[in-house]
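The values are calculated or read from the model by the stated rules, or taken from the named source; none is laboratory data. Predicted model only: the values in this text are computed from it and were never measured. Positions of Cβ are generated from backbone atoms using ideal geometry, with glycine treated the same way; all protein chains shown enter the neighbour counts.
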Amino acid sequence: MTLLWYLIGVLILVVPFAAMVMLPIKRSKPVLTVYFLLFVVFMYGPMVAMAVLSLQGTTGSMTLPAKELFSFHWYSELNSSMSVMVAVREGIGKSLWLSLIVAVITAVLSLTLGMAFRRQFRGSGALFYAILLSLMTPGLLLSLGLSFLLYYVGIQKGEGALGYVPIIGVQTVWALPFGFLVMMSIFNRYDARAEEAARDLGASNVTTFREVTLPLIWTGVFGAGLFGFTLALNEFERTFLVSGTINTLPLQLYIITTASVLRPYVYSLGVVTILLSFLLIALFLVVSGLTGRKKTRAVEEDGSGVDAPSMTPAAASGD
Amino acid sequence: MSDEQNGLVLKDVYRVFPGDVTAVADVNLHVENGEYVVFLGPSGCGKTTTLRMIGGHDDPSSGTITIDGELMNGVSPAERPITTVFQHYALFPHKSVLQNVAFGLKMQGVDKAERETQAKAAIDLVGLTKMMDRKPRELSGGQQQRVALARVLVTRPKAILLDEPLGDLDRLLQMKMRVELRALQRELGITFIHVTHNQEEALSMADRIVVMGDAVIQQVGTPEELARHPRNEFVAKFMGDNNVFHGTISGTNGGNVVIDTPHGKIEVKGTGTAGQPGSMSIRANAVQVSTDAVPDVNGVKVRLDFAEYLGDSVKLHLDLAGQPFLAKVPEERYTEIRAYEGKDVTATWAIEDGHLLEQ
């Protein structure tokens, strides 16, 4: 039986390659389409099941088949005065605020780091890997280390406004490499000559940054911030040991799933958070679409007849 | 103020990059106000570095740069009375044509209404009034080039530096822009300093050409001087269509020197000491091609590999004992001369057309 499962696993890996290599495009297309659809079902199927289960009536159960479809009972439960729900709502509020702060910090740090890494500097290689290191270190170790440090320094976890600082810290450490990589790729494609031209025309460094640099890269900054927001919103293992009594949304969900009797409101809560993520992605698309909007207006000639519209840059070599 | 101080003066300018790489060495040059000067040279010859130092985007390791007697060393690009049209134009992609052109005035603190009036005038000058509200990406290469020009013209600089200004354009457009640029420069009467690696472009546009090679100025001269009297082998070869002979000076004959080369004796105007090495160049279009016997001096036997029809002339690719040799003959001879492809012919030239090169 185990052997059969191994075989299926290998097949899953081999099928797309075999289809691409062995079949002509016309034949491989339907095979790959079916494969891709199965993949989508695998990815989003659980979410659909969750959505369906969240729409059950009062007697709804935690497993399929769903009962008493369709009702918004478990959504209205989210708004009830049950102590669990009150805690969840508090968690959502805290998480949103924390994520927003982390987003801003990540965006600003990613921007400044990206600017710094436009040139080589002493230790730039080491710093690069140091930033990326937090992608590879187990998150739990980070929060464990930090909670020891807090204890040693004498800071009480989760106390007062200061209690939020460690949470923001670990979440930023987690989000920063992503934002940083976004800015690195932005600056990779960035053409610094426009800045040189601006300075040549009399712009100061600050003016050049405001008038030329920022308008050209700010979708990247926004993207870095968005990474900060979503990663902070979902962050669990790093926050877990340093949060003390402050419960963010993921921590609250963890408490619910381990400590209380599960009811379908967990599903409606899940649906709400997923919709929130979709909303964020949509926001990003709208914002980046506003600036990156491609105008399709064709290049018109100025009547000279000679001016060719092709803008193929010749292999011009400078010094 | 002496005459020498007017215009742009580069005195003993060196630029040595970290790692002891000398990019520019011993550059001395005086550019008159209103002159069209072209820096010409192969990649890596130091021409762009020189331009960047003039523009203030780089500083000389030693030496001085003055404009109308004022020392420019250490003065920021913005504070110099000159502006640069960058290679690939470096337009602001997020700003409209009007905003691009008005930028320099905005930086000078000119109020909005005034700078728009002046920017519109500059845009009109380069013939882009209809495109004023477009973004650079909606313009063709030639139009972007003109926006870049208008953007610097509007600030009324004393001199404009152009780094490979025609490099991004296709050939037909290059030819058109050469004329346009030159006409514009005459109309405005301001100094243009233009960097290119294209000989034809330099010859067609410059009042004076500065040929650079191996970090130093190889020769400064009018297009005609460079074409007819290249100073040394580097210039002769780089300007193209020159044949260079090397040999040993065997003696003099009146005002001429006689050079013994592996391809025979060559007499050329100039002076020299017998026994010293001597080189000379002969322009392709001064070479006569015939089926006559090879003369004792200034004549070589060559094989015609290929006759290239150029429209107004025929370029003959000849083989001189394994070395390429060029000649240019009038277009009318094309049919006649093609018959000799693959055969031996005689190439000769007059003594006065040859040119003794500096060693």
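Which members of segment B:146-158 meet the condition of being more than 11 Å from residue B:122 (Cβ to Cβ), more than 10 Å from chain A (Cβ to nearest Cβ) and crowded, with 24+ Cβ neighbours inside 10 Å?
If the condition is that a residue be more than 11 Å from residue B:122 (Cβ to Cβ), more than 10 Å from chain A (Cβ to nearest Cβ) and crowded, with 24+ Cβ neighbours inside 10 Å, then no residue fits.
Quick one: which residue in A:170, A:182, A:212 is assigned to a helix (DSSP H, G or I) and at the interface with chain B (Cβ under 7 Å from one of its Cβ atoms)?
Sole residue among the options that is assigned to a helix (DSSP H, G or I) and at the interface with chain B (Cβ under 7 Å from one of its Cβ atoms): A:212.
Of the residues in segment B:200-230, how many are among the charged types (D, E, K, R) and free of Cβ contacts under 8 Å to residues at least 40 places away in the same chain?
Residues meeting the conditions: 3.
Being out of contact with any Ser or Thr (no Cβ under 8 Å at 6 or more places or on another chain) and basic (Lys, Arg) is the requirement here; does residue B:95 meet it?
So residue B:95 passes the test.
Can you tell me which residue in segment B:109-124 is surrounded by the most Cβ atoms within 10 Å (Cβ to Cβ), limited to those that are charged (D, E, K, R) and either at the interface with another protein chain (Cβ under 9 Å from one of its Cβ atoms) or outside any loop (DSSP other than H, G, I, E, B) (or both)?
B:115
Test residue B:81 against the criterion of being surrounded by fewer than 18 Cβ atoms within 10 Å (Cβ to Cβ), of a type outside the set (Val, Ile, Thr), within 8 Å of another protein chain (Cβ to nearest Cβ) and touching a Lys or Arg at 6+ places or on another chain (Cβ under 8 Å), and give yes or no.
no
Just to be sure, is residue A:54 closer than 25 Å to residue A:260 by Cβ and more than 26 Å from the chain's Cα centre (by Cα)?
When the stated conditions are applied, residue A:54 does not pass them.
In segment B:181-195, which residues are farther than 16 Å from residue B:53 by Cα, in contact with a strand residue (DSSP E or B) (Cβ under 8 Å, 6 or more places away or on another chain) and either within 14 Å of chain A (Cβ to nearest Cβ) or part of a helix (DSSP H, G or I) (or both)?
B:181, B:182, B:185
What helices (runs of 4 or more DSSP H) lie completely within segment A:65-141 and have 2 or more residues being among the aromatic types (Phe, Trp, Tyr)?
A:73-78, A:124-136
Okay, residues lined up against (1) modelled with pLDDT of 80 or more; (2) outside any loop (DSSP other than H, G, I, E, B); (3) polar (S, T, N, Q); (4) touching a helix residue (DSSP H, G or I) at 6+ places or on another chain (Cβ under 8 Å):
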residue	(1), (2), (3), (4)
A:223	yes, yes, no, yes
A:226	yes, yes, no, yes
A:269	yes, yes, no, yes
A:277	yes, yes, yes, yes
A:294	no, no, no, no
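Could you check, for segment B:130-137, whether at least one of its residues is assigned to a helix (DSSP H, G or I), surrounded by fewer than 24 Cβ atoms within 10 Å (Cβ to Cβ), acidic (Asp, Glu) and within 12 Å of chain A (Cβ to nearest Cβ)?
no
Take the conditions at negative phi and facing chain A (nearest Cβ under 8 Å) and apply them to residue B:127. Does it pass?
No.
Please note which strands (runs of 3 or more DSSP E) are completely contained in segment B:1-108 and include at least 3 residues that are assigned by TED's automatic domain parsing to the domain that holds residue B:133 and closer than 22 Å to residue B:168 by Cα.
Those strands (runs of 3 or more DSSP E) span B:36-40, B:82-85.
Please determine, by comparing only the residues of segment A:185-194 that are among the hydrophobic types (A, V, I, L, M, F, W, C) and within 12 Å of chain B (Cβ to nearest Cβ), which one is nearest to residue B:81 (Cα to Cα).
Restricting to residues being among the hydrophobic types (A, V, I, L, M, F, W, C) and within 12 Å of chain B (Cβ to nearest Cβ), the top hit is A:194.
Pick from segment B:168-180 the residues that are at the interface with another protein chain (Cβ under 9 Å from one of its Cβ atoms) and of a type outside the set (Lys, Arg): which of them is surrounded by the most Cβ atoms within 10 Å (Cβ to Cβ)?
So the residue we want is B:169.
Of the residues that make up segment B:228-249, is at least one touching a Ser or Thr at 6+ places or on another chain (Cβ under 7 Å) and part of a helix (DSSP H, G or I)?
Yes - at least one qualifying residue is present in segment B:228-249.
Please verify whether segment B:35-46 includes one or more residues that are touching a Ser or Thr at 6+ places or on another chain (Cβ under 6 Å), of a type in the set (Asp, Glu) and touching a residue at least 12 places away in the same chain (Cβ under 8 Å).
Looking for residues that are touching a Ser or Thr at 6+ places or on another chain (Cβ under 6 Å), of a type in the set (Asp, Glu) and touching a residue at least 12 places away in the same chain (Cβ under 8 Å), one finds at least one in segment B:35-46, hence yes.
Which numbered condition trips up residue A:197, out of (1) assigned to a helix (DSSP H, G or I); (2) surrounded by fewer than 23 Cβ atoms within 10 Å (Cβ to Cβ); (3) within 11 Å of chain B (Cβ to nearest Cβ)?
Residue A:197 satisfies all of (1) assigned to a helix (DSSP H, G or I); (2) surrounded by fewer than 23 Cβ atoms within 10 Å (Cβ to Cβ); (3) within 11 Å of chain B (Cβ to nearest Cβ) except (2).
Name the pairs: first residue in segment A:234-248 and closer than 18 Å to residue A:136 by Cβ, second residue assigned to a loop (DSSP other than H, G, I, E, B), Cβ to Cβ under 9 Å, at least 6 apart or on different chains?
A:235/A:248; A:236/A:248; A:237/A:138
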